[in-house]
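Student: Pasting in a structure now, in structure tokens, and then I'll have a few things to ask.
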């Protein structure tokens, strides 16, 4: 493998052009997945026996089985039935992009539902009682008390899940979506320079993930002013971390 | 032919191949876990070391292998390895393409990823070992190696068991991607069975169900192991 800067740069430019597709897959599946996850979380915490059994079964199936098999099941499996091909869902299920988004969303919903449940369970019962005592109920209680505490609690786990989703979008290349990995494969079939192209693709994913990690850290910082270190005169300008480090 | 025949063990049935493929999936995952354990131990040591370059290298490793898509890591190892093998072949006067065995490539690739996760598990476990125990061992005159063997390793293994369970589940699912190199593990075999019988839905459901069997079983085993190693902790933690 020679170090051909011109080739690497032209590959980089071509692969960057596929980044919007990767981001579209990512954004669509994370948002859709969050909607599904809200429903599943509701099922699990609602208290109904049947609903919570459904929620548990969903989480078990979609976290226990690999994403690739879910994606193939939706893309190849469902198209096998004439009933599906003649239904009004066919325009959605025929298209590799929407199939990939569906599979990614179903899968992440299982994980996100667990994160949301963890966040909800971390809300102290006394805070809810206090909210009730001061006359809040229903949506107001959720919006002012439950949601902020739950979101803060769930954020670190959520950022991990989001990074995993960025990586998972690469699987869409296996059902012929031309995102970064798929485009890389197409470039390789034209140039036969496997390693260079895949290395550049990897670099692009690392860049995307780096930016997302920084953004999530920023959100976390904004949402937790109560945890920020205050200047502490006793330990010299609030640099407590340095004292023990 | 009914679907029972298709997944059964008769002449036309794929049951036997699918079970064999399940063993292959287990074998790749187990091999990758072992490779990852060695790498993870080295990386964790690097990340905990006093030397700045070592820490930097350890951080770089975990950042790259936890941040890059698993599929790309597998492609890179498979094609990169094949390129290297071909180059060696050329040097030995063998012309033509030599492929890396797909089992080896898959195990190494998933092992590289698993190593990054295992490094974090071991690092956390090391930090969970009470400092007092190390001081105590030092004060009764244990040397570095003895301290490592008698005090650190047993506790690190105990503390890292839950994390290792997670890594195992991750690797089990990452191993599906090894199918792109042509290794006849569970994913690839389901795919071939689906394609040759045109029963895509059936075989992907069956394949998915077999993965569920694997993840559920391994969950049980890890829970059992955790309970077992926790026996001697009962008093110190005050609960089972």
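The values are calculated or read from the model by the stated rules, or taken from the named source; none is laboratory data. From a predicted model like this one, the values you see are computed outputs, not experimental measurements. Here Cβ is always computed from backbone atoms with ideal geometry, including for glycine, and neighbour counts include all displayed protein chains.
Student: Find the residue count for the stretch B:100-146, including only residues that are part of a helix (DSSP H, G or I) and under 24 Å from the mean Cα position of the chain (by Cα).
Tutor: Narrowing the stretch B:100-146 to residues part of a helix (DSSP H, G or I): B:102-128, B:131-139, B:144-146.
Right, trim to under 24 Å from the mean Cα position of the chain (by Cα) and you get B:102-128.
Residues meeting the conditions: 27.
Student: Identify the residue in the stretch B:164-184 that is within 24 Å of residue B:13 (Cα to Cα) and more than 9 Å from chain A (Cβ to nearest Cβ) and, among all such residues, is surrounded by the most Cβ atoms within 10 Å (Cβ to Cβ).
Tutor: Here the residue is B:183.
Student: Which one is farthest from the other protein chains (Cβ to nearest Cβ) among residues in the stretch A:182-198 that are in contact (Cβ under 8 Å) with a residue 40 or more places away in the chain and within 23 Å of residue A:104 (Cα to Cα)?
Tutor: If we take residues in the stretch A:182-198 being in contact (Cβ under 8 Å) with a residue 40 or more places away in the chain and within 23 Å of residue A:104 (Cα to Cα), then A:183 is farthest from the other protein chains (Cβ to nearest Cβ).
Student: Could you say whether any residue in the stretch B:185-203 is crowded, with 24+ Cβ neighbours inside 10 Å and in a loop (DSSP other than H, G, I, E, B)?
Tutor: Yes, some residue in the stretch B:185-203 is crowded, with 24+ Cβ neighbours inside 10 Å and in a loop (DSSP other than H, G, I, E, B).
Student: Among the candidates A:101, A:92, single out the residue that is buried (at least 18 other Cβ atoms within 10 Å of the Cβ), in contact with a helix residue (DSSP H, G or I) (Cβ under 6 Å, 6 or more places away or on another chain), within 27 Å of residue A:24 (Cα to Cα) and away from chain B (no Cβ under 14 Å). Please lay out each step first, then the result.
Tutor: Details: A:92 fails: buried (at least 18 other Cβ atoms within 10 Å of the Cβ).
Criteria check complete, one pass: A:101.
Student: Give the number of residues within the stretch A:69-80 that are facing chain B (nearest Cβ under 7 Å) and over 25 Å from the mean Cα position of the chain (by Cα).
Tutor: Final tally of qualifying residues: 1.
Student: Being within 14 Å of another protein chain (Cβ to nearest Cβ), surrounded by 22 or more Cβ atoms within 10 Å (Cβ to Cβ), in contact with a helix residue (DSSP H, G or I) (Cβ under 9 Å, 6 or more places away or on another chain) and within 14 Å of residue A:11 (Cα to Cα) narrows it down to one residue among A:201, A:172; which is it?
Tutor: Answer to the selection: A:201.
Student: If you don't mind, another one. Would the stretch B:38-46 turn up any residue that is at pLDDT below 95, assigned to a helix (DSSP H, G or I) and either within 13 Å of chain A (Cβ to nearest Cβ) or exposed (fewer than 15 other Cβ atoms within 10 Å of the Cβ) (or both)?
Tutor: no
Student: Being within 22 Å of the chain's Cα centre (by Cα) and closer than 16 Å to residue A:25 by Cβ is the filter here, so list the residues in the stretch A:184-203 that pass it.
Tutor: Within the stretch A:184-203, A:201 is the sole residue that qualifies.
Student: If we keep just the residues of the stretch B:78-103 that are touching a helix residue (DSSP H, G or I) at 6+ places or on another chain (Cβ under 6 Å) and more than 10 Å from every other protein chain (Cβ to nearest Cβ), which is surrounded by the fewest Cβ atoms within 10 Å (Cβ to Cβ)?
Tutor: B:97
Student: Looking only at the stretch B:49-73, filter to residues that are farther than 28 Å from residue A:180 by Cα and within 14 Å of chain A (Cβ to nearest Cβ); which one of those is surrounded by the fewest Cβ atoms within 10 Å (Cβ to Cβ)?
Tutor: Top of the filtered list is B:50.
Student: Just need a number here: residues in the stretch A:175-198 that are crowded, with 21+ Cβ neighbours inside 10 Å and not in a helix (DSSP H, G or I).
Tutor: 2
Student: Hey, among A:110, A:119, which residue is within 30 Å of residue A:137 (Cβ to Cβ) and surrounded by 17 or more Cβ atoms within 10 Å (Cβ to Cβ)?
Tutor: A:119
Student: Could I ask something else about it? For the stretch A:38-45, state whether one or more residues are away from chain B (no Cβ under 14 Å), over 21 Å from residue A:174 (Cα atoms), surrounded by fewer than 21 Cβ atoms within 10 Å (Cβ to Cβ) and modelled with pLDDT under 90.
Tutor: yes
Student: On to the next question. Looking only at the stretch B:151-162, decide whether some residue is closer than 30 Å to residue A:67 by Cβ, buried (at least 17 other Cβ atoms within 10 Å of the Cβ) and within 14 Å of chain A (Cβ to nearest Cβ).
Tutor: no
Student: Next question, about the same structure. Restricting attention to the stretch B:200-210, which residues are at the interface with another protein chain (Cβ under 7 Å from one of its Cβ atoms) and touching a residue at least 40 places away in the same chain (Cβ under 8 Å)?
Tutor: B:207
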